[in-house]
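Colleague: Pasting in a structure now, in structure tokens, and then I'll have a few things to ask.
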Amino acid sequence: MGVDLRQVVAGILTLTMFVMLGQMIKRDHFDSLQDKLPGDGEDAHFESVNAIENDGLVKLSKRSKGPWMEDIQELKPCWSRTDLDEIEQSRGYVTFSLTNGPEYHVSQIADAVVVARYLTATLVLPDIRGSKPGDVRNFEDVYDVDKFMKSLDGIVKVAKELPNEISIRDLAAVKVPNRVTEDHIVESVEPVFKSKGNIRLATYFPSVNMRKTAQKSSVDSVACLGMFGTFELQSEVLEVVDSMIERLRTLSRKSNGKFIAVDLRVEILENKNCHGSGSARAKSCYNAQEIALFLRKVGFDTDTTIYLTQSRWDNSLSVLRDIFPKTYTKESVMPDEKKGKFLESEDSEFEKVIDFHICSQSDVFVPAISGLFYANVAGKRIASGKPQILVPADIPGTSAPITNYLSPYVAKRNHLAYSCFC
């Protein structure tokens, strides 16, 4: 019996349509997942998005081999210090600690500054606490104290420590949600402050969604200043970050010094919450093989240099290096004389800080894991004119335009940073 060629073609087209439909369902369902990492509530999930170069969101580079995108002009702050009244005579103290890594520090500082400003209280320089009991560092071990205090001059009074006459035991503990509002301060914080005189603040994260809101608030300018204008790395840590970036650019000569940073950590990928759920098996993170295939299908050459946030090499990453031989972790690109302090100690705080800043400055950032790290790195990149953030996906076929996978934070201009920068 003969075969009708038209029926064969029709069958192939039908099959292709169902495959594409399946992929669309996965991407849409991905937004509704709750990837609950330690300390997280509802997560900031990846979204599918179609963005084109003509929108002016990104500009493809014509000087480099591959689908590299150029930086855009650095955005200017929408807030102005002149819009903020000089602080009145301060009364009482607000203390707090930075915890869980730099992606949390950004939000914790912003909330503390907003609360202290509203209460006209003195903000005490925070310490930095790691995940292990007794793992405490001074603020100046990681961040620039002078920059922090100078940036808040006239906005919030800052003290390096509590006066001797005030005991830590006398501080009233107060919890505030991330992106604390004026209403919450009035209802839940101010009464305690008036009663006790001094408080210890702790930020919790009912959501790590960093999308901007349409509602305007009188605390917005202070929050923007706190999040984007208050802290930089201290000189020694900054030197390590700069040397590692320079090393990565040296290894990337064939792509004009450009490299990709991928937030991919094996211990998170092994967390059961990272695996697909539901009938569509939508995912909240991608493994090394999936990232390798994604980068190839959007057009990156196998000679591309890739930096991973994974601290030390793991055998599960070999599949990525098989496709992209220039794949590195910190141990490969950190200066040998700095490894003892910044890599080989039991404290991982420095490693987290280094990752956050390298991912913020790379030529392309790919978050293999949904979460606050992705959200706050995106904010820092948007503020500095680096919108090249690609959200991975399982791409059907052999190739796809890179602009189809631009982060919705950029493509939809819906990140909180767009409320702070113009």
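Colleague: May I ask you to compute the full-extension gain from Glu270 to Arg211, defined as 0.36 nm times their residue separation minus their alpha-carbon distance, rounded to one decimal in nm?
Modeller: Gain in length upon complete extension: 18.5 nm.
Colleague: Further, regarding this structure: Where a ≥ b ≥ c are the square roots of the eigenvalues of the C-alpha gyration tensor, would you call region 339-422 rounded, which needs a/c under 1.5, or, failing that, prolate if a/b is larger than b/c, or oblate?
Modeller: Judged from the Cα gyration tensor, region 339-422 comes out oblate (a/c at least 1.5, b/c at or above a/b).
Colleague: Which order do the peptides 390-396, 224-230 take when ranked by the mean count of other beta-carbon atoms within 10 Å per residue, highest first?
Modeller: Final packing ranking: 224-230, 390-396.
Colleague: Looking at region 315-422, which trypsin sites (Lys or Arg not before Pro) are in a loop (DSSP not H, G, I, E or B) and have at most 11 other Cβ atoms within 10 Å?
Modeller: Sparse-neighbourhood loop trypsin sites (Lys or Arg not before Pro): none present.
Colleague: I've got another one for you. Quick one: if you stick a label point 7 Å off each Cα along the C-beta vector at Glu140 and Asp303, how many nm between them?
Modeller: Distance between label points: 4.8 nm.
Colleague: Give the residues of region 88-116 whose amide nitrogen is closer than 11 Å to a point set 7 Å from the Cα of Arg129 in the direction of its Cβ.
Modeller: The answer is 96-100, whose backbone nitrogens lie closer than 11 Å to the label point.
Colleague: Grab the beta carbon distance between Lys160 and Ser348, set R0 = 35 Å, and tell me the FRET efficiency rounded to 0.05.
Modeller: Here the calculated transfer efficiency is 0.85.
Colleague: Do any trypsin sites (Lys or Arg not before Pro) in region 93-175 lie in a loop, going by DSSP, with at most 14 other beta-carbon atoms within 10 Å of their beta carbon, and if so which?
Modeller: For trypsin sites (Lys or Arg not before Pro) across region 93-175 that sit outside H, G, I, E and B with at most 14 neighbouring Cβ atoms in 10 Å, the list reads Lys160.
Colleague: How much of the DSSP beta bridge set in region 93-229 is antiparallel, as a percent to the nearest 5?
Modeller: 10 percent
Colleague: Going by the alpha-carbon gyration tensor, a ≥ b ≥ c the square roots of its eigenvalues, is region 93-229 rounded (a/c under 1.5) or, if a/c is not under 1.5, prolate (a/b greater than b/c) versus oblate?
Modeller: Since a/c stays below 1.5, the shape of region 93-229 is classed as rounded.
Colleague: Moving on. With 27 Å as the limit, write out which pairs from Lys76/Lys216; Lys216/Lys380; Lys254/Lys297; Lys132/Lys175; Lys194/Lys352 have Cα-Cα distances beyond it, or answer none.
Modeller: Lys194/Lys352
Colleague: Can you give the FRET efficiency to the nearest 0.05 for Ala202 and Glu239, using r as the Cβ-Cβ distance and R₀ = 25 Å?
Modeller: Once the sixth-power term is evaluated, E becomes 0.20.
Here, each number is a calculation from the coordinates, and none is a lab measurement. Not measured: the values here are computed from a predicted model. All Cβ positions, even for glycine, are placed from backbone atoms using ideal geometry, and neighbour counts span all protein chains on display.
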